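In what follows, a structure is listed as structure tokens, so that the remarks can point back to it.
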Amino acid sequence: MLDAILMEQQGVPAVAIVTTPFRTTGEAMATSWGKPGYGFVDTPHPIANLTASELEARADALADAVERCLRGERS
């Protein structure tokens with residue numbers, strides 16, 4: 001979350017992706033950095049045990065949500 005916020009402060013569009021158990025932490029981090037309501041994408045946990053093809057499929061499934069965030073359609 002912080003990386004995405006800092007990138008955007010530098011003018012670089014960014015989207016944070018967190019696994020679902022860290023959604024609340026992401027929201028708190030955004031609030032603590034003065035970005036309450038900052039939009040980000042979450043994905044089911046865990047990801048560490050996914051194969052390369054499973055991880056690629058997960059990324060493909062997130063692409064539309066990431067694109068919406070980049071367009072400013074944050075929810």
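The values are calculated or read from the model by the stated rules, or taken from the named source; none is laboratory data. It should be emphasised that the depicted structure is a prediction, and the values quoted were computed from it without experimental measurement. Glycine also receives a Cβ, built like all others from the backbone with ideal geometry; neighbour counts cover every protein chain displayed.
Brief remarks follow.
- Flag if residue 65 is surrounded by 14 or more Cβ atoms within 10 Å (Cβ to Cβ), in contact with a Pro (Cβ under 7 Å, 6 or more places away or on another chain) and not acidic (Asp, Glu): no
- Consider the range 21-48 and keep the residues that are more than 10 Å from the chain's Cα centre (by Cα) and among the polar types (S, T, N, Q). The one that is farthest from residue 62 (Cα to Cα) is 32.
- Subset of the range 54-75 that is among the small types (Gly, Ala, Ser) and within 12 Å of the chain's Cα centre (by Cα) - its residue that is modelled with the lowest pLDDT: 75
- Qualifying position, being modelled with pLDDT of 95 or more and either farther than 19 Å from residue 6 by Cα or crowded, with 16+ Cβ neighbours inside 10 Å (or both), among 31, 51: 51
- Pairs are defined by a Cβ separation below 7 Å, a sequence spacing of at least 6 or placement on different chains, a first member in the range 1-24 that is surrounded by fewer than 13 Cβ atoms within 10 Å (Cβ to Cβ), and a second member that is among the β-branched types (Val, Ile, Thr) and at pLDDT below 95; no pair meets this definition.
- Scanning the range 21-51 for residues that are farther than 15 Å from residue 66 by Cα and not in a loop (DSSP other than H, G, I, E, B) gives 21, 22, 23, 24, 25, 26, 27, 28, 29, 30, 31, 32.
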